[in-house]
Amino acid sequence: MKTLDWNTLFGKGAGRIQASTIRELLKLTQRPGVISFAGGLPAPELFPKEEAARKAAEILKEKGEVALQYGPTEGYGPLRTWVAEWIGVKPEEVLITTGSQQALDLLGKVFLDEGSPVLLEAPSYMGAIQAFRAYGPRFLTVPAGEEGPDLEALEATLKRERPRFLYLIPSFQNPSGGLMPLRARKRLLEMVMAQGLVVVEDDAYRELYFGESRLPSLFELAREVGYPGVIYLSSFSKILSPGLRVAFAVAHPEAITKLTQAKQGSDLHTPVLNQMLVHELVQEGFPERLSKIRATYRAKAGTMLEALDQEMPKGVRYTRPQGGMFVWMELPQGLSAEALFRQAIAQDVAFVPGGPFFAGGGGENTLRLSYATMGPEGIVEGVRRLAKALKRLLALA
Ligand SMILES: Cc1ncc(COP(=O)(O)O)c(CN[C@@H](CCCC(=O)O)C(=O)O)c1O
């Protein structure tokens, strides 16, 4: 058969499109016996399987002609209205997206040209870096800490750069676990409003707080002072099911209109049956579901931290998350998380090396551990295996 050199056939932009490290690692973790701290895959025991089976059957039986037909790009009306009421906006400010991941891609498509400056934290969510990178932007980064972005560094950067938008994860940042305090959120907004900049606030983990209550989002704070420049993203992935691929963007109607037009060219609309199912599943017992989810992840985080405290050799630093799904770890300088990964997978334990979370490079000695998927025994055993792999690496160093 004649062969084609596809790389010569792809467009220029294709060279900027790279694989997702998390997605590639997940293939490795399918091997039986592997304990995976890699993907932020929600605890399967929390999926509403029976209820979803019942509701999906009802939907198809009673509203099959809607569920199986093309639907509006903006989203299934009742779900769009429910999200609007939940967030406290009007339906025309809401766009239902096929996962937040699609919203990130649409934002890149709408806001970024080749060479456009876009500002994010180092480290930041690699799925966003992957989505934006396809549009050829110039990444500007500021260090991410346990209290969010370094505001001094941000102020200095904004003095000389005008990013098309700032991409931030103020609550339980992926991967650093950072939680921006209220005063920092307000100070950041002051800087943004002074220059009329756009913020993309990715609030995927908004409900996964371990404390008494949720901090106000940048979106809510901006709305209080009448600033329309915050585009708010959140998702049903962490609170219902990631497999249904239902999320939403909330923004000024003009931004929603443009994002909707971009979505028309991408997938026409998010699957209607999935949207109808999500809408049904949030009708009863939603607050109780959220409380159960918080308690589950709080317990998992506690189990992982206890095991790390017992097993990790000195010199290894890690965060103590107040929410979300991740512990962020720093190995002693000079140690490679990639090298540790090779030792770890040989011990049947997996995690995500930190490098791909740094849009500007660096982070070779960092790694992200997700406690979301495994049960307590798996977490304890996985940390034991990780410690064994680390001791082997230290012996080689
Ligand atoms: C900050 C942030 N923004 C968006 C997403 C994607 O959420 P959706 O499921 O697309 O709604 C995520 C989900 N990230 C997980 C899941 C990725 C799962 C995968 O690639 O298989 C992770 O970092 O492991 C996220 O953390």
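The values are calculated or read from the model by the stated rules, or taken from the named source; none is laboratory data. All figures in this text were calculated on a predicted structure; none of them were measured in a lab. Please note: Cβ atoms are built from the backbone with ideal geometry, for glycine as well, and neighbour counts cover all protein chains shown.
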Complete set of residues in the stretch 1-24 that are at pLDDT below 90, aliphatic (A, V, I, L, M) and either part of a loop (DSSP other than H, G, I, E, B) or touching a Leu at 6+ places or on another chain (Cβ under 7 Å) (or both): 1, 19
Residues that are assigned to a helix (DSSP H, G or I) and within 20 Å of the chain's Cα centre (by Cα), drawn from the stretch 249-273: 259, 263
So residue 355, is it surrounded by fewer than 24 Cβ atoms within 10 Å (Cβ to Cβ) and within 17 Å of residue 39 (Cβ to Cβ): yes
Considering residues of the stretch 90-103 that are closer than 16 Å to residue 219 by Cβ and within 11 Å of the ligand (Cβ to nearest atom) only, the residue surrounded by the fewest Cβ atoms within 10 Å (Cβ to Cβ): 100
Filter result (in contact with a Lys or Arg (Cβ under 8 Å, 6 or more places away or on another chain), more than 16 Å from the ligand (Cβ to nearest atom) and within 15 Å of residue 175 (Cβ to Cβ)) within the stretch 352-396: none
Restricting the stretch 120-143 to residues that are aliphatic (A, V, I, L, M) and within 16 Å of the ligand (Cβ to nearest atom), the residue that is surrounded by the fewest Cβ atoms within 10 Å (Cβ to Cβ): 134
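Conditions tested, residue by residue: (1) of a type in the set (Asp, Glu); (2) in contact (Cβ under 8 Å) with a residue 60 or more places away in the chain; (3) within 14 Å of the ligand (Cβ to nearest atom).
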{"site": "1", "(1), (2), (3)": "no, no, no"}
{"site": "6", "(1), (2), (3)": "no, no, no"}
{"site": "16", "(1), (2), (3)": "no, yes, no"}
{"site": "21", "(1), (2), (3)": "no, yes, yes"}
{"site": "26", "(1), (2), (3)": "no, no, yes"}
{"site": "40", "(1), (2), (3)": "no, yes, yes"}
{"site": "53", "(1), (2), (3)": "no, no, no"}
{"site": "67", "(1), (2), (3)": "no, yes, no"}
Qualifying residue in the stretch 278-294 (condition: in contact with a strand residue (DSSP E or B) (Cβ under 8 Å, 6 or more places away or on another chain), at pLDDT 95 or above and either more than 16 Å from the ligand (Cβ to nearest atom) or under 22 Å from residue 103 (Cβ atoms) (or both)): yes
Subset of the stretch 25-45 (residues that are in a loop (DSSP other than H, G, I, E, B) and of a type in the set (Gly, Ala, Ser)): 33, 38, 39, 40, 43
Meets criteria (among the acidic types (Asp, Glu), in contact (Cβ under 8 Å) with a residue 24 or more places away in the chain and away from the ligand (no atom under 12 Å from the Cβ)) for residue 161: yes
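Can you work out which of the residues in the stretch 28-38 that are within 13 Å of the ligand (Cβ to nearest atom) and modelled with pLDDT of 90 or more is farthest from residue 328 (Cα to Cα)?
Ranking the candidates gives 36 first.
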Residue list for the stretch 262-271, filter: more than 16 Å from residue 76 (Cβ to Cβ), out of contact with any Lys or Arg (no Cβ under 7 Å at 6 or more places or on another chain) and surrounded by 14 or more Cβ atoms within 10 Å (Cβ to Cβ): 266
